[in-house]
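Structure, as C-alpha cells:
None of the figures in this text is laboratory data; all of them are computed from the coordinates on show. What you are looking at is a predicted structure, and each value in this text was computed from that prediction instead of being measured. Positions of Cβ are generated from backbone atoms using ideal geometry, with glycine treated the same way; all protein chains shown enter the neighbour counts.
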C-alpha cells in the first residue's frame with residue numbers, strides 16, 4: 001500500500017515502514033481501511049476533482065459518472081487504474097503497488113545510513129503483513145544479511161507454525177495488537193473470533209520470543225471501556241506479558257472509508273484529549289494493580 005520513510009513512530013530510531021495490503025480482520029474502527037483488501041483499489045477525493053471528464057473517457061467499463069456522489073460505480077470497476085492515470089488533478093488515485101522482493105529490498109536499503117546512525121531499521125506493517133509468509137521470509141533474509149533491525153506489526157491473526165518457521169527467526173521486535181477481550185464482541189467489531197490471536201500471543205510469550213509487545217488501540221465506547229480493558233489485562237497477565245502499550249484513538253480512517261466508496265463508521269471524528277488519555281492510563285494502572293488478576297509484571 002505504501003512505503004513511509006523516516007518514521008519515528010513505528011519502532012526505535014529512524015525507520016522505513018512498509019504497509020502491506022490485505023487483512024483477515026474487518027475492524028469497524030480500522031484507521032487504514034485502504035489496507036484491508038489485498039487487491040488494488042481506486043480512491044476518490046471530491047475536493048480535488050475539477051470535473052474535466054477525462055476519467056470517464058478513459059474508463060473501459062463506463063464505471064465513472066460525474067454526477068454520482070462517489071463518482072465510481074464500484075460494481076462495474078475493474079480497478080485497472082486507467083481513470084486515475086487520466087486524472088490531471090489527483091481526484092482519483094490507484095492504491096496498491098507490486099514489487100519483486102529484490103526491488104523492495106533495494107528501496108529499503110537506501111536508508112541504511114539512517115538506520116545505522118539512529119538505531120533504526122525497517123518496520124513491516126499492514127493490513128496484516130503475515131498474510132504473505134513466503135514473500136516476507138525472502139525479504140527478511142536479505143535484511144538480516146545486511147544487518148537491518150526489523151520490527152513486525154501484527155493483529156495476531158496468523159498461522160503460528162508458518163510464522164514461527166518462516167518469520168520469527170528474523171525478527172527483532174513484534175508489536176502485537178490486542179483489541180477486544182470478549183470473543184463475541186471481537187467477532188462483532190473485528191469480523192472474527194479472537195481465539196487464534198490469544199493462542200498465538202500465548203505461544204510467542206510462552207517460548208520466550210524476544211521483544212513481543214502487546215498494544216491496545218483505544219477506541220471510545222468499544223476498546224476503551226473499563227470492562228474491555230480489564231478483560232485484556234487479565235488475558236495478558238495469564239499469557240505472561242510483561243508490558244502493555246496504549247495507542248490513542250485515531251479517527252483518520254473515517255475519511256478514507258468514504259474515499260473508497262464505503263459507509264463511514266459511526267465513530268468519533270476527533271482525537272482523544274490529553275485528559276482522556278491520562279484517565280484511561282490511570283484506569284489501566286489501577287486494573288493492573290488489582291491483585292485479583294494475579295499479574296506479576
Discussion item. Given contacts defined as C-alpha pairs under 8 Å and at least six residues apart, what's the relative contact order of the chain, whole-number percent?
Written reply: 19 percent
Worksheet item: Which angle between 0 and 90 degrees, to the nearest 10, do you get for helix 195-206 versus the longest principal axis of the chain when only C-alpha atoms count?
Response: 50 degrees
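Cα gyration tensor of segment 41-95, axes a ≥ b ≥ c as square roots of the eigenvalues: rounded (a/c below 1.5), prolate (a/b > b/c) or oblate?
Working: a/c = 1.33, a/b = 1.22, b/c = 1.09.
Since a/c stays below 1.5, the shape of segment 41-95 is classed as rounded.
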Worksheet entry | Label-point separation, residue 74 to residue 278 (7 Å along Cα→Cβ), nm | 4.1 nm
Worksheet item: Given the rule -39500 (n - 2.57) for each run of at least 4 DSSP H residues, summed and divided by the residues of the chain, what is its mean residue ellipticity at 222 nm, to the nearest 500 deg cm²/dmol?
Response: -9000 deg cm²/dmol
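Rounded if a/c is under 1.5, else prolate if a/b is larger than b/c, else oblate: which is the chain, with a ≥ b ≥ c the root eigenvalues of its Cα gyration tensor?
Details: a/c = 2.06, a/b = 1.39, b/c = 1.49.
Oblate, since a/c reaches 1.5 and b/c is not below a/b.
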Fill in: Computed label-point distance, nm, for sites residue 65 and residue 207 using a 7 Å Cα→Cβ extension
5.4 nm
Fill in: segment 241-259 residues near the modelled residue 9 label - backbone nitrogen below 14 Å, point 7 Å along Cα→Cβ
247-254
Practice prompt. Could you compute the FRET efficiency for residue 271 and residue 98, with r as their C-beta to C-beta distance and R0 at 41 Å, rounded to 0.05?
Written response: 0.75
Item to complete: Sort out for me the Cα centre separation of segment 38-53 from segment 144-168, rounded to whole Å.
Response: 34 Å
Worksheet item: Taking every DSSP beta bridge that has both residues in the chain, what percent is antiparallel when rounded to the nearest 5?
Response: 30 percent
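With a ≥ b ≥ c the root eigenvalues of the C-alpha gyration tensor of segment 142-297, is it rounded (a/c under 1.5), prolate (a/b larger than b/c) or oblate?
Working: a/c = 1.67, a/b = 1.18, b/c = 1.41.
Verdict is oblate for segment 142-297.
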Worksheet entry | Modelled FRET efficiency - R0 45 Å, residue 215 with residue 50, Cβ distances, 0.05 increments | 0.65
Response to the item:
With Cα coordinates, the longest principal axis of the chain makes an angle with the long axis of helix 133-145, in degrees rounded to 10, of 70 degrees
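Estimate the FRET efficiency between residue 227 and residue 137 by the formula 1/(1 + (r/R0)^6), using the beta-carbon distance for r and 30 Å for R0, to the nearest 0.05.
0.15
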Item to complete: May I ask for the angle, rounded to the nearest 10°, between helix 226-239 and the longest principal axis of the chain, with both axes built from Cα atoms and the value confined to 0 to 90°?
Response: 60 degrees
Practice prompt. Quickly work out the residue 107-to-residue 199 label distance, labels modelled 7 Å from Cα along the C-beta direction, and quote it in nm with one decimal.
Written response: 3.5 nm
